[in-house]
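The values are calculated or read from the model by the stated rules, or taken from the named source; none is laboratory data. Bear in mind the structure is a predicted one, so any value in this text is a computation, not a measurement. In this analysis, Cβ positions are derived from the backbone assuming ideal geometry, glycine residues included, and neighbour counts consider all displayed protein chains. Protein only, heavy atoms only, side chains kept; ligands, DNA and RNA dropped before computing areas. Shrake-Rupley method; radii C 1.70, N 1.55, O 1.52, S 1.80 Å.
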Amino acid sequence: MIISKELFINSLKPFNITLTDEKIEMFDKYASLLIEWNSKFNLTAIKDPDGIVVKHFVDSLAVLSENKLEGTLIDVGTGAGFPGLPLLIANDNLEVTFLDSTGKKIKFIETVLDELGLFADTVNARAEEAAKDEFLRESFDFATARAVSNLRDLSEYCLPFVKVGGKFISMKSAKTDEEIKDAKEAIRVLGGEIEKVNSFELADCGERTLIFIKKVRPTPTKYPRNYSQIVKNPIVSRETK
Ligand code: SAM
């Protein structure tokens, strides 16, 4: 094993998450592929096995502490597979679609899926384009995104994928109060409503925040707009314009 099983098990304890030996071995294989590929392509800045265990695996799984994820999930801007791949490995009742605009990251995910004997869909596209596809739009129970963009722009990328009644879960490491304030109008316009905001300590790595946004109405068809419109003309309320 290249990862420390003890570190993994102990770091999951505060979240009341347990994994079978078989699943821990799958995580170990994933970590070794990540390290191998990282020596050729820059997939992630975190390269040491302990860092991968805590900052990638445990951070991705922490959402399971108080929430059951069952059904379909799209991981937007998944990069090297976070949080989507840990969630897929840990959950037998979750179908995951991995989306990223970078081809080599999607190739890496496909390699890990093959090596671990897992099945999942992959999409190599920009989120704002893929969300117009009738097979992807409003068709997921969950959308997740970690370290992709600010919450306002991210809501425009992610909420169109979520079914009414489903949830967009944004995973953040920094303070989120300002970001949430700046995103409120966009979330409303896009058919969402903030359900809850959960903060937790990730081992010695500082605070993390999970923002749960419930889809309460369909997203108007004009959204998502293209990237330059999202950035140049963000959705803000009339008073703050
Ligand atoms: N979610 C991963 C994580 O937490 O480690 C990756 C984070 S990385 C900083 C951001 C990823 O989002 C990159 O892989 C990038 O290619 C992807 N990305 C950024 N904007 C995107 C967009 N509009 N559509 C699809 N992917 C996007």
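In the stretch 201-218, which residues are assigned to a loop (DSSP other than H, G, I, E, B) and on the phi < 0 side of the Ramachandran plot?
202, 204, 205, 216, 217, 218, listed by residue number.
Restricted to the stretch 184-233, and to residues that are of a type in the set (Asp, Glu) and loosely packed, with under 15 Cβ neighbours inside 10 Å, which residue is farthest from residue 153 (Cα to Cα)?
204
Kindly indicate which of 146, 126, 137 is within 14 Å of the ligand (Cβ to nearest atom), on the phi < 0 side of the Ramachandran plot, in contact with a Pro (Cβ under 7 Å, 6 or more places away or on another chain) and open to solvent by 10 Å² or more (accessible area, probe 1.4 Å).
146
For a quick check of your reading of the model, give me the residue pairs whose first member lies in the stretch 120-146 and is touching a residue at least 60 places away in the same chain (Cβ under 8 Å) and part of a loop (DSSP other than H, G, I, E, B), whose second is of a type in the set (D, E, K, R) and buried (at least 18 other Cβ atoms within 10 Å of the Cβ), with beta-carbon atoms closer than 9 Å and at least 6 apart or on different chains.
Pairs that qualify, where the first residue is touching a residue at least 60 places away in the same chain (Cβ under 8 Å) and part of a loop (DSSP other than H, G, I, E, B) and the partner is of a type in the set (D, E, K, R) and buried (at least 18 other Cβ atoms within 10 Å of the Cβ), are 131/137; 131/156; 138/215.
Which of the residues spanning the stretch 56-69 are part of a loop (DSSP other than H, G, I, E, B) and either at pLDDT 95 or above or surrounded by 14 or more Cβ atoms within 10 Å (Cβ to Cβ) (or both)?
Matches in the stretch 56-69: 67, 69.
Which of the following residues is in contact with a helix residue (DSSP H, G or I) (Cβ under 7 Å, 6 or more places away or on another chain) and not in a strand (DSSP E or B): 112, 96?
112
Condition test on residue 94, is it closer than 20 Å to residue 161 by Cα, within 16 Å of the ligand (Cβ to nearest atom) and free of Cβ contacts under 8 Å to residues at least 40 places away in the same chain?
Here the answer is no, as residue 94 does not meet what is asked.
Scanning for something open to solvent by 10 Å² or more (accessible area, probe 1.4 Å), near the ligand (Cβ under 10 Å from one of its atoms) and closer than 29 Å to residue 201 by Cα, does the stretch 150-157 turn up at least one residue?
Within the stretch 150-157, one or more residues are open to solvent by 10 Å² or more (accessible area, probe 1.4 Å), near the ligand (Cβ under 10 Å from one of its atoms) and closer than 29 Å to residue 201 by Cα.
If a residue has to be farther than 25 Å from residue 19 by Cα and part of a loop (DSSP other than H, G, I, E, B) to count, how many in the stretch 35-54 make the cut?
Qualifying residue count for the region: 6.
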